[in-house]
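Laboratory data are not the source of any read-out in this text; all were calculated from the coordinates shown. All values reported here derive from a predicted model rather than from experimental measurement. Cβ sites come from the backbone with ideal geometry, for glycine too, and all protein chains shown count toward neighbours.
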Amino acid sequence: MVLGLASLGQAAAGDFEKSVAALRAVGGEGWGNEAAGRALRQLAKGGADTLPALLAGMDGANPFAANYLRGAVEVIAGNTLAKGGTLPLVELGEFLLNKSHDTKPRALAFELIRRVDASAAEQLIPGFLGDPSVDLRREAVARLLGQAAGLAKAGNKPAAVLLYRQSLDAARDLDQIQTISGALRELGREVNLTRHFGFLVDWQMAGPFHNKDRAGFVAVFGPEKNADLSASYNGMDGKVKWRAYSTDDEYGMVDFNKPYGDLKEVTGYAQTEFVSANDRPAELRLGCKNAWKIWFNGELVFGRDEYHRGMRIDQYQMPVQLKKGSNTILVKACQNEQVEDWTVQWQFQLRVCDATGTAIHSAPTKNRAVAAK
Amino acid sequence: MKKLILTFTFAALANGLAAGDWPGFRGPLGNGVSDEVGLPIALDAKKHIAWRIDLPGRGLSSPLVVGDRVFVTASGGTRQDQLQILCLNAADGSVIWQRQFWATGSTVCHNKTSIAAPTPVSDGKRLFAIFSSNDLFCLDLDGNLRWLRGLTVDYPNARNSLGMASSLVLAGGVLVAQVENDSESFTAGLDKQNGANLWKVNRPKSSNWTTAMVQKTKSGAEWVLLQSGKGIHAVNPKNGEVAWHYADGASTIPSSTLAGGVLYVPSHGVTALELADDGKSFRQKWRSSRLRPGTASPLVHRDRVYSLNNAGVLTCGDTDSGKRLWQLRLDGPYGGSPVVADNHLYAFNEEGKVQVVDLSAPEGRIVGEMDLGEMILCSPAVSNGALYVRSNRRIWKIARKTQL
């Protein structure tokens, strides 16, 4: 029987499980929506004691199913509290503290606890410092930041520095990381944000190729056929070879304008080698305001033909499977014809991390050695 | 509440909505014009703010009013990935229910806008809410989720790094979602009952924040008038087929307005298109570069067309000729579209100041002002003698004291 359903009885528990299964069966383009709607109405009649089981139903669920299940949780919790009832705090807390559950339902469990007992929720926050849920982790970092600021204000600089260091180690959100690094620098300490985020800074570049009428995005230029570093290609202005490029930008900006000048209607490629200590899942996290494509170990991961609509760290998050040893990452970035000041950028930033945003660092590579020379 | 009896009241009632409801972006006809009378004019915060409620998240979507309930969307969380839908009691602003869902699409957007930018729509029985992440939810009016879609999960390049903002419309019983952007750009007609695609058509690959207008013909047929940088496409909401195309370009920010069978398009200023009675063709009536709107959508009231530019200048033109009649400087800038009720125009600027313009004065006259003190980017709702307007933090009900 599913978690927390002991009170329902065998038949009701079976109906519950069928309804959850209907929600978990929904797919893309609205597939399964009608059955899910019926199942949801059934589940929403349940009592607050079904909440932990509904949360558990989100484990491994696709994003549509997770939202359907959240719909049931929201209705049951809302109705229960509106009628003056309460939520099963202990069971929700046990669910929250069990890190084998998915991060989203755990964070939702925390929010439910906070709705009914803010004091109990507060007590749990320090334990979230290394949590796989970035939302829960953020709570703990925020608390630590407050403590560190208090120590700094009281003149206890060594203790403040150490608390800031501890909070930086745990922080994954840009705003918190910038707050912490600013505080540490004010206290005279060095912070290596490039390393904290894990931006890839050593690259080989090839270009420029054309992007007249934005046709370069779909055009297959030489580096897409053969990315061997010894290869040469027919570029826009003659033969093109790979050249080493390293960025010293704190946020790992790889800027094609630096080696090639402020060009328009052009395409450039950058590739790097990432040496992984083991086989493991990871995410490529890209920020780019040009049209781009990215290949991982020779396979196209994703591409997007949008120009100058904005850029930010971790703008695009793409799951990949690292293999032990050498992995190759190839990025194509297209610059368009716009001439406004805010369209000069022809650049990207890329990092490899786990699902929480924790940097995964590459072992030293051949490229880095070349770049250093 | 005394009301002027106008034809669109009957149209609204026929849809299962009640007179006085404000069921979507820019009201029952999507044109920002209300048949309400008796709204406060000489505004005074002490007298006319009926209630003010804190919201749990950000947003610039317009509030909706259906019956005695106000609906508003917001987005919260560090990554703006908590999508919120609230139902408030119109009488006192108390929260009747609140629902939260996770964003499944991109929550990247320009700092000024929000993931809760598009305005929901209601048919009087259900609420359809879409967010910039292209997550779409259908709930009944008691907050029970009926179905959902995640359009960026389905179509991964359907996103805009500046944010999406086109609001949903209902036409011919079909829910129309405009998901237009630089990459995987489309508009889809969805089954209201289950969210399934009835049709999906490719649209110009260009960012677009406008909201469609709906033309209802005398025979009862409805056409969706989709605006984009490529102009206007009149689309059959049953199958997505295009009846006609005005191909001379149009703005991708302010939306068109439809009044008296004429579509006023933000195109080369404003271009007036006279629509055939059966909706299957159009004729260009006039064009005026002197009526060029800024971000706010143009308005038509009686025989006048009004546009508000980014500098805050309100321009009045003649609907027959497009001739500019007068201009009045208001305190801009404006991110949200104004509304008209009882021959008064209500314009909320980005600094939270509302100005009331008496449109019966020969060259318009400012007859009321009030400062809400927070950035307002939405178009207000008008219902049952009150205005409803929201910021990133709050929602206000503005009404005469006697109506509180």
Exercise. So for the pair residue B:89, residue A:193, with labels modelled 7 Å out along Cα→Cβ, what separation do we get in nm?
Worked result: 4.8 nm
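Could you work out, residue by residue across A:25-37, how many beta carbons of other chains sit within 10 Å of that residue's beta carbon, and then give the average as an integer? Show your work: numbers first, answer last.
Working: counts 0, 3, 2, 6, 11, 13, 4, 2, 10, 7, 1, 5, 9.
For this peptide, the per-residue mean of nearby foreign Cβ atoms is 6.
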For this session: Distance from a point 7 Å along Cα→Cβ of residue A:264 to each backbone N in segment A:214-235: keep the residues under 19 Å and list them by number.
Result: A:214-217
Exercise. Helix A:134-153 sits at what angle to the longest principal axis of chain A, using alpha carbons and giving 0 to 90 degrees rounded to 10?
Worked result: 80 degrees
For this session: Find which of B:307, B:229, B:399 sits farthest along the positive direction of the dipole of chain B, computed with +1 on the beta-carbon of Lys and Arg, -1 on that of Asp and Glu, about the Cα centre.
Result: B:307
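Using the alpha carbon gyration tensor of chain B, what are the three equivalent-ellipsoid semi-axes (square root of 5 times each eigenvalue), largest first, in whole Å? Walk me through the intermediate numbers first.
Working: eigenvalues 152, 138, 79 Å².
Those come to 28, 26, 20 Å.
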For this session: Using Cα pairs closer than 8 Å and at least 6 residues apart in sequence, work out the relative contact order for segment A:155-218, in percent.
Result: 22 percent
Exercise. Measuring from centroid to centroid over Cα atoms, what is the spacing of segment A:157-220 and segment A:264-297 in Å?
Worked result: 16 Å
Exercise. Taking only DSSP H segments of four or more residues, each worth -39500 (n - 2.57), what value at 222 nm results for chain A once the sum is divided by all its residues, to the nearest 500 deg cm²/dmol?
Worked result: -12000 deg cm²/dmol
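Suppose every K and R has +1 on its Cβ and every D and E has -1 on its Cβ; what is the size of the dipole of chain B about the Cα centre, in Debye to the nearest 20?
Values: 43 positive and 35 negative charges, 32 e Å.
My answer is approximately 160 debye.
For chain B, what does -39500 (n - 2.57) per DSSP helix run (n ≥ 4), summed and divided by total residues, give at 222 nm, in deg cm²/dmol to the nearest 500?
Working: 3 runs with 16 residues, N = 404.
Result for chain B: -1000 deg cm²/dmol, rounded to the nearest 500.
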Exercise. Does segment B:65-107 come out rounded, prolate or oblate, given a ≥ b ≥ c as the square roots of the eigenvalues of its C-alpha gyration tensor, rounded meaning a/c under 1.5 and, failing that, prolate meaning a/b above b/c?
Worked result: prolate
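Under a Cβ-only charge scheme (Lys and Arg +1, Asp and Glu -1), can you give me the dipole magnitude of segment A:197-372 about the Cα centre, in debye to the nearest 20? Let's see the in-between values first.
On the way: 21 positive and 22 negative charges, 92 e Å.
Using only the charged Cβ atoms, the result is roughly 440 debye.
About its Cα centre, what dipole magnitude does chain A give when the only charges are +1 on Lys and Arg Cβ and -1 on Asp and Glu Cβ, stated in debye to the nearest 20?
On the way: 44 positive and 43 negative charges, 99 e Å.
So the magnitude is around 480 debye.
Please work out whether segment A:50-126 counts as rounded, prolate or oblate from its C-alpha gyration tensor, where a ≥ b ≥ c are the square roots of the eigenvalues and a/c under 1.5 means rounded, while otherwise a/b larger than b/c means prolate and anything else oblate? All intermediate terms of the calculation are to be shown ahead of the outcome.
Working: a/c = 2.12, a/b = 1.15, b/c = 1.84.
In terms of gyration-tensor shape, oblate.
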Exercise. Within 10 Å of each Cβ of B:92-101, how many other protein chain Cβ atoms are there on average?
Worked result: 3
For this session: For residue B:198, enumerate residues with amide H under 5 Å from its amide H, sequence gap 5+ or separate chain, H modeled in the peptide plane.
Result: B:189, B:190, B:191
Exercise. Residue farthest toward the positive end of the dipole of the protein assembly as shown, with Cβ of Lys/Arg at +1 and Asp/Glu at -1: which of A:316, A:334, B:327?
Worked result: B:327
For this session: Calculate the length of the line joining the C-alpha centroid of segment A:305-323 to that of segment B:81-107, in whole Å.
Result: 29 Å
Problem set entry | Euclidean distance of C-alpha centroids, segment A:331-349 and segment A:70-132, integer Å | 44 Å
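Enumerate by residue number the GluC sites (Glu not before Pro) in segment B:216-275 meeting two conditions: DSSP loop (anything except H, G, I, E, B), and at most 16 other Cβ atoms within 10 Å of the site's Cβ.
Numbers: sites: B:222, B:241, B:274; in loops: B:241.
Those satisfying the criteria are B:241.
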For this session: Provide the net charge surrounding residue A:98, with neighbours chosen by a C-beta distance below 15 Å and charges set as Lys +1, Arg +1, Asp -1, Glu -1.
Result: -2
Seminar exercise, completed: Shape call for the protein assembly as shown, from the Cα gyration tensor axes a ≥ b ≥ c (a/c under 1.5 means rounded, otherwise prolate when a/b beats b/c, else oblate), comes out oblate
